[in-house]
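Visitor: Before we start, here is the structure in question, set down as structure tokens.
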Amino acid sequence: MNGSNGSVMMDVRQLNKRFGDVHAVRDLTFQVKKGEVFGFLGPNGAGKTTTMRIVTCYIPASSGTISVGGHDTVEHSLDVRKKIGYLPENNPLYNDMMVTEYLKFAGELRGMQGDKLSSRIDEMVQVCGLAKMTGREIGKLSKGYRQRVGLAQAMLHDPDLLILDEPTSGLDPNQIIEIRELIKKIGREKTVIYCSHILSEVSATCTRILIINNGSPVATGTAEELTSQMGSGNQYVLRVRGSGPDIEAKLQGVAGVSSVSASQDNEWASVRVACEGNEDIGESLFRCVVDNRWSLAELKRERASLEEVFTQLTRG
Ligand SMILES: Nc1ncnc2c1ncn2[C@@H]1O[C@H](COP(=O)(O)OP(=O)(O)O)[C@@H](O)[C@H]1O
Ligand SMILES: [Mg+2]
């Protein structure tokens, strides 16, 4: 139990889930703090949806424990369900219901009723930008509006923790921006877990990211931290007038350099220098060029993009 630690919203310990031979979630341990917009990122099949279905008490774990707001998901599943709002992957909705009718139905399932439910529906319709759609049939709404209905449903009972599984899938670029903005707005007041296989989605929206692959965690941190954690991500690109092999040999001797490759274009060499650490060795490279009386047309530092980090960590 982690009830004593008030800043932890969700605590997942040593979680495992097997479907027959498929070990979908392996020894997964992580915490989500109150107020975070937490990005749960991984390629398709990584185990994100499975983890969230366990957290929301839809399926049991094979082993491990989860607590939400200090309540164990097995022993106190009713308390946990009250604390969580869930927008599942593929957002299943009743197509023949009107928007308001559906929200009323969803609220009643949650045990809400009367004026309290009506006023809460009005509020969510405002927050989610559904005012013009309340009398429409859900089946006739655009995908963007359907996601808004899903969000309104998930937030109806004012949960502490909102879980969104691939909330922008199938949306067009404008709808993606709208839903992202809506999630950011919601994230100012709630703890949010944002599951996605798309890095740019998560890095644009989330305060902290956990990357999983094959059911196991591979990295965690802010987008900034993830980029700089990868020591190999630091490179320099130079354009030097001189012979490629000479330049390679001399630059290779500069402290902190791990590899140099040059390609020749007439009297100019385009040189790529990879470094061992995160230290800025630009000045040493410049000195080396000057000491050898070469001309320098370009010297710039390049960092591996988060996209490259993500690909490296989840390849294969
Ligand atoms: N009900 C199930 N029965 C068997 N295998 C499943 C079931 N649900 C998920 N899986 C498998 O578990 C793995 C993780 O899937 P999932 O949690 O949906 O990943 P993600 O949401 O990250 O794309 C996949 O290999 C998937 O095929
Ligand atoms: Mg999924």
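The values are calculated or read from the model by the stated rules, or taken from the named source; none is laboratory data. The structure displayed is predicted, hence computed values, not measured ones. We place every Cβ from the backbone using ideal geometry, glycine too, and count neighbours over all the protein chains shown.
Visitor: Inspect the stretch 139-162 for any residue being loosely packed, with under 15 Cβ neighbours inside 10 Å and either in a strand (DSSP E or B) or within 16 Å of ligand 2 (Cβ to nearest atom) (or both) and give the result as yes or no.
Guide: no
Visitor: Another one. Need pairs with beta-carbon distance below 6 Å; first residue in contact (Cβ under 8 Å) with a residue 12 or more places away in the chain and within the stretch 76-101, second within 16 Å of ligand 1 (Cβ to nearest atom) and not in a loop (DSSP other than H, G, I, E, B); sequence gap 6+ or separate chains.
Guide: Between residues of the stretch 76-101 that are in contact (Cβ under 8 Å) with a residue 12 or more places away in the chain and residues that are within 16 Å of ligand 1 (Cβ to nearest atom) and not in a loop (DSSP other than H, G, I, E, B), the close pairs are Tyr86/Ile163; Leu87/Leu164; Pro88/Asp165; Glu89/Thr49; Glu89/Asp165.
Visitor: Pull up the stretch 10-51, narrow it to residues that are farther than 21 Å from Tyr194 by Cβ and polar (S, T, N, Q), then point me to the one that is farthest from ligand 1 (Cβ to nearest atom).
Guide: Restricting to residues being farther than 21 Å from Tyr194 by Cβ and polar (S, T, N, Q), the top hit is Gln14.
Visitor: So if I check each of Ser169, Ser203, which one is part of a helix (DSSP H, G or I), under 16 Å from the mean Cα position of the chain (by Cα) and not hydrophobic (A, V, I, L, M, F, W, C)?
Guide: So the residue among Ser169, Ser203 that is part of a helix (DSSP H, G or I), under 16 Å from the mean Cα position of the chain (by Cα) and not hydrophobic (A, V, I, L, M, F, W, C) is Ser203.
Visitor: Next question, about the same structure. Restricting attention to the stretch 54-62, does a residue exist that is more than 16 Å from the chain's Cα centre (by Cα), under 19 Å from Pro217 (Cα atoms), at pLDDT 95 or above and within 16 Å of ligand 2 (Cβ to nearest atom)?
Guide: Within the stretch 54-62, one or more residues are more than 16 Å from the chain's Cα centre (by Cα), under 19 Å from Pro217 (Cα atoms), at pLDDT 95 or above and within 16 Å of ligand 2 (Cβ to nearest atom).
Visitor: Please go through the stretch 112-138 and give me each residue that is touching a residue at least 12 places away in the same chain (Cβ under 8 Å) and either part of a loop (DSSP other than H, G, I, E, B) or within 14 Å of Met98 (Cβ to Cβ) (or both), ordered by number.
Guide: Once the filter is applied, which keeps residues that are touching a residue at least 12 places away in the same chain (Cβ under 8 Å) and either part of a loop (DSSP other than H, G, I, E, B) or within 14 Å of Met98 (Cβ to Cβ) (or both), the stretch 112-138 yields Met112, Ile121, Val125, Cys128, Gly129, Leu130, Met133, Thr134, Gly135, Arg136, Glu137, Ile138.
Visitor: Now, a different point. For the stretch 182-202, which residues satisfy the criterion of being in contact with a strand residue (DSSP E or B) (Cβ under 7 Å, 6 or more places away or on another chain) and under 24 Å from Pro159 (Cα atoms)?
Guide: Residues satisfying the conditions are Ile183, Ile186, Gly187, Lys190, Thr191, Val192, Ile193, Tyr194, Cys195, Ser196, Val202.
Visitor: What do you reckon, is Ala24 in contact with a Lys or Arg (Cβ under 6 Å, 6 or more places away or on another chain) and either among the hydrophobic types (A, V, I, L, M, F, W, C) or within 13 Å of ligand 2 (Cβ to nearest atom) (or both)?
Guide: yes
This table checks each residue for (1) outside any loop (DSSP other than H, G, I, E, B); (2) closer than 30 Å to Thr311 by Cα; (3) of a type in the set (Phe, Trp, Tyr).
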position	(1), (2), (3)
Gln14	yes, yes, no
Lys17	yes, yes, no
Pro43	no, yes, no
Leu78	yes, no, no
Asn90	no, yes, no
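Visitor: Quick one: which of Thr65, Thr49, Thr56, Thr29 is touching a Phe, Trp or Tyr at 6+ places or on another chain (Cβ under 6 Å), among the hydroxyl-bearing types (Ser, Thr, Tyr) and within 24 Å of Pro159 (Cα to Cα)?
Guide: Just one listed residue meets the conditions, Thr56.
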